[in-house]
Structures are given as C-alpha cells and as structure tokens.
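For reference, the structure is listed below as structure tokens.
The values are calculated or read from the model by the stated rules, or taken from the named source; none is laboratory data. Quick caveat, the model's predicted, so the values are computed rather than measured. Cβ placement follows ideal geometry from the backbone for every residue including glycine, while neighbour counts extend to all protein chains displayed. With ligands, DNA and RNA removed, areas are computed over all heavy atoms of the protein, side chains included. Shrake-Rupley method; radii C 1.70, N 1.55, O 1.52, S 1.80 Å.
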Amino acid sequence: MALLEVRDLSISFPGGSGRGSALSKAVDGVSFDVEAGQVAGLVGESGSGKSVTSLAVMGLLPHTARVSGSASFDGRDLLAVPERELEGVRGREVAMVFQDPMTSLNPVVTVGTQITEVLRRHTGASRRAARDEAGELLARVGIPAPVRRLREYPHQLSGGMRQRAMIAIALACSPKLLIADEPTTALDVTIQAQVLELMGDLVRERGTAMLLITHDLGVVAGLCDTVTVMYSGRVVERADRHELFARPRHRYTSGLLASVPRLDAPRGQRLQPIPGTPRDVIGWDAGCAFAPRCSAADDACRGTELPLVSDGARDRHLLRCAHPVPDQHDQHDQHDQHDQHDQQERSA
Amino acid sequence: MTQVSDALGPAAPTTPDPDAVGSGGLWHSAWRRLRRNPAAIAGAAIVALFLLVAVFAPLIAPGQPGVPLPNSGVTPSSVPGPSPGHPLGLDSPGTDLLTQLVYGARQSLLIGVVSTALGLAGGAVLGVLAGGLGGWVDVVVMRVVDILLSIPSLLLAVSVAAVLGQRPVSVMIAIAVAQVPIFARLLRGSMLAQRGSDYVLAVHSLGVRRRTVVMSHLLPNSLGPVIVQATLTLATAIIEVAALSYLGLGDSNPSTAEWGRMLVNAQSRLSTDPHLALWPGFCIAVTALGFTLFGEALREALDPKGRK
C-alpha cells in the first residue's frame, strides 16, 4: 500500500460566475499514489487544480470548499479526520513547502523561533534542545552561519535562503511526506537548481516521500520517480518518469513536451505551442477537457466521459484519451537507449 | 541582488535591505522615516514636554494645586495678574494658575492614558476574538461592538457617571467604553487581512495550534494600525476629559487640578480676564495637537503605500 493514496478527489467552491448557487469545480475525480520514499510529480498548468489538490490533502482549504473522495495517508483518511487530529499530523507526518518564500515566513518572528515552534509543538523538546536542533537543521539546508541566522528576521535573508529555511522548517520533525507546491517558481534560475538538488538530497537521505507540484517539466525530469499530469482538474496521464518522457501518449502531455526546448533536438526545429487557452473550469461536461485544443479530437472525445485506463501492455502507464499518440517504436527505442545511457552515466 | 549573494554562498551581508518588505523591516524603515519627518519630531517634542511636565509636576509647579491662597486679592471683577511668586497670576478660586496648569497636565495624562489603555485592552480582546476565531464568534462580537458604537459617547459618559458617581474612574471608564469599538473593529480588520496571507497558511500547514497562530503570528502582525490609533486616541481622550469636566461630569473633587474645570471657572470672567480660559485651552489644544501629529506621522511611516 502506498504512503498516500488519493482516490476520486473532487473539490468545488461555491459561487460560480453568474448564478448564485452554482458550484465551480476545481478538481474532478483525481486519484494518484505517493509511494514511501519516492518522489511523485504532479504536473499541470495554472488552474489545473494541482495546488488545490495539495491543500485538500493537508486540510487547508477554506471551509466553503466542498471536498469528496479520500486521501488515505498511512491508513488514515486525512479528509475524514477531525481538525484537532489533523493538527497533530501536519508538520509532524506531512509537511509542506510553499511557492513564495518571501511571504511564507512570518515577518515579525525570528527564523529560529519559527523552527523551534514546530519542534516544540510536535516533539515536546525543551527550548534549548529545540534551539540546537534548529541550528543543525539550518546548517543541513546549507545556510551559512546558522546559529547567527537563528536570531535574524526573514527580511534579513535572501530569497534562496528563505526557501532553504522553509525547507528546514518543513523537515524539522522528519515527516514521512513532504508536499512541495512549486517550491522553486519564485526563485532565480541558478538558485532553483540548488534548491531542487538540496530537496532531492534531503528526501533521499531521510527516506521522506515527496509530492512535487510543478508546472515545470524540467523540474520533474530531474527529481520525480512517477509523474501525474493534470489538465483542467482531471488526471489525464500517469506514468513512471522515463516512460512518460519517452512515450507520452496523451495529446496534452505530448504537446507539453513538444513545447519545451530540448538540447538533443535537431537544429532549427521549432517549438510546437499548444493552440488555444485552458478552458474555464466552470461548466464541466462529459468528455475530454482538452478536446477543444486537440488536433485529434472528434465526437468520441466530446460525447462521453473517458475513464483513466492503463495503456495496453504497460499497466503502470495510465491515460485518459480516446485517440492517444501512436506508440512510435522507432522513437522510443532510441529514447530507451538514450535513457539507459543516461542512467549508466549517472551511476558511473 | 540578494539572490546573487546566496548563489555566491557564505557571508551574505546581514545588514537589512533598505527596501525590505515585511514587518521587521517595516518597523526599521518606519523609524527611519519618522526621524526624517518634521511633523513627527514636532509632535514627539510636544508629547515629551507634556510627559515631563506631568511626571515632574511637583518640581515645576510653584505651589500646591487646588489650595486657594489666603488674601489672594481675587475680587468679583478681577484676578491678580502676574507677580514674582505667580508667573501667570492667580485664577478665579484664588489658586496659582501655573500650578493648576502643571498639575492639570498630570490629570489629563493619567486619565487619558488609563482610559486609552482600558479601551485598547477591551478592544483588543474583542478584536482578537472576532478576527482570530471568525465564524459565529465574529458575528456575535461585531454586533455587540455595533451596539456600543451606536450609543453616543457623551450619553454613555453621563450614564457611567450617574452609576459610578463623579470620580476619575467613571471618567476613565466612560472614555474607554467609547473607544472599545474603534480598537475592536480596527484590530479585527487588520487580523482578517493577515489571515489570508501565505505565512498563516504555512504555519497552519505545520500543525501549529490555532491559539498559537492567533496569538503569536496574527496578533503581532496586526498591531501596527492599532498602535497608531492608540496615539491618535490619546489626543481625543485628553479633549474628552476636558469636555466631561466642563460639563460637570468629571472628578467632583475641587482640589484636583483639571484643564476642563479651569475652563468652566474661567467662563464667568471671560470678558474681563480671557487669559484664564486661554491658558488651559491652549494646553488642551497643544497637547492634543502633539499626539495627533505624532500619530499621523506614525501612520504615514507605517503605511506600506508611502514607502519607496
């Protein structure tokens, strides 16, 4: 059994545009797993429902949100446990790193206090022990002069350092699962790479599972074991990382990959944008949400609800598409060799 | 620039960035802006002078307050003018005018500060309940505050004085009760604004208890406007103390020096000796101006929109 099993998660908010009682759906029947000690990627563009999904798992959605489905963590359904019990889970067993380190730290409380607060809350450590632990944590996330930094306020730290501090706070109680919601989006490109590497190292050495939410396929390629692609509040494709990058079957995924520049692409090849814009989530109907932007769409896509099914021979590759991208053997053999080559290089 | 220093690794400068956003930086930059603002300096100087006079009243005043001098020379048509022992002359009950003014500062400060502190405390409790807990607590508390707000403060003062008698305490309570709604609404609004911020979501995601989130995260971040309001309210309170005693609702003890009652006493001699009314009026106006100037400057300094 996976550490986190999200099943049929649907989230809607009251107050659609126009009619008063309308509900606007943000997430519709999303299911995915995060295995213990693994990194699972949740990919999608803005508005695809990935952040809302993570907030629902943490129980941090506003009270007005209607949530259904289940999110079983270590055998407990996080969507069903009472708030008081959830407070004990948050921070200790599941922790979260947010997108913007500039605003996610309390500006009037010292960095040290913000770390020790969590330690003392969940481990009952003494003030002194928590202080020492906090210093070690800051040192571990690569903040120079950690003991001095404990006494400083967030505005005295740079953006990259603040995100490192956020990571230290999130990992303070050694949670089993770390949810990272676009952890590098607000950072400079050079810092992005450092912070991602740090997060990868930390979760690996602690055996922490991570749910990495991002719109950046480059981030996914570097860190994730499995990838779930969301579009307009639904999961459209799910596969192991190498499988997904080598053989994207859903038209949206392949479109995304075609729109990202690659170093190994032939010279002069143009990037392929996906035509159109993401649809307004309000006003769902049966059928594929991507159909209006899809070159292969026909009546089969629009009329009926498509299930998330496994892709023939590979049962770990799931997709929701009536006309998947044909499995191009030539191309994927090439990619396989490429991947193997990659792995050899990495292990060497 | 800050991010580059991170990329370069250790020894990033620890001096606060002058443009730093966030409240730690906010207080720093507020202080810097305050020092550069002439109105703030003028206000602070007046406030400081007022405080010094009030605290050291026995050292400054030439006599004892509320003690009519024997053979004062006060006649129904005139009061004695300045003389060596009495720089400002005597007032109508035959007491030294300067002494009354100096001790009056003490009374104004005492009642002003105590009533503002009471109002602030009451307003803070209600504001934290409403803004921190939200939900039905918010609705109930804010309706109570609305009811308080609908009662004219003067009427409230009359009722409190009628119930508690004409004592300084009843003046303090009357003024404080009138202030509670102001602080409660301000703090609630400020906390509501903070509640939606990222760091509150972040501390919630760490399992920090709700009480702790409200008291050690929301509250400190919401206090800025409340502090400004307290400064401004002090000015109002000082005027109200005078107003209440002018209306005969203040301290009934005649030996207590009080600017408002000095105005009442001076009223009958306004045509012959206007200085008896001018001096206490001047003191009330200047003190209130001092607190207002300082409070306004503080508000400007803390206003994020004004920062460059």
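Here are a few things to note about the model shown:
- Matching entry among B:170, B:205 (being within 27 Å of residue B:245 (Cβ to Cβ), of a type outside the set (A, V, I, L, M, F, W, C) and surrounded by 21 or more Cβ atoms within 10 Å (Cβ to Cβ)): B:170
- Flag if residue A:238 is over 17 Å from residue A:98 (Cα atoms), at pLDDT 90 or above, in contact with a Phe, Trp or Tyr (Cβ under 9 Å, 6 or more places away or on another chain) and open to solvent by 20 Å² or more (accessible area, probe 1.4 Å): yes
- Scanning the stretch B:77-100 for residues that are without any contact (Cβ under 8 Å) to a residue 12 or more places away in the chain and in a strand (DSSP E or B) yields a count of 1.
- Residue A:216 vs. criteria more than 28 Å from residue A:48 (Cα to Cα), more than 14 Å from chain B (Cβ to nearest Cβ) and out of contact with any strand residue (DSSP E or B) (no Cβ under 7 Å at 6 or more places or on another chain): no
- Which listed residue is of a type in the set (A, V, I, L, M, F, W, C) and touching a Ser or Thr at 6+ places or on another chain (Cβ under 9 Å), from A:139, A:125, A:168: A:125
- Annotation note: of A:270, A:247, the sole residue that is surrounded by fewer than 24 Cβ atoms within 10 Å (Cβ to Cβ) and assigned by TED's automatic domain parsing to the domain that holds residue A:310 is A:247.
- Sole exception among (1) over 30 Å from residue B:36 (Cβ atoms); (2) part of a helix (DSSP H, G or I); (3) open to solvent by 30 Å² or more (accessible area, probe 1.4 Å) for residue B:293, by number: (1)
- Residues located in the stretch A:57-89, provided they are at positive phi and not in a loop (DSSP other than H, G, I, E, B): A:69
- Candidate set from the stretch B:228-273 (those that are among the β-branched types (Val, Ile, Thr) and over 17 Å from residue B:288 (Cα atoms)); member that is most open to solvent (accessible area, probe 1.4 Å): B:272
- With respect to the conditions (1) surrounded by fewer than 18 Cβ atoms within 10 Å (Cβ to Cβ); (2) under 16 Å from the mean Cα position of the chain (by Cα); (3) within 27 Å of residue A:120 (Cα to Cα), residue A:183 lacks only one, and its number is (1).
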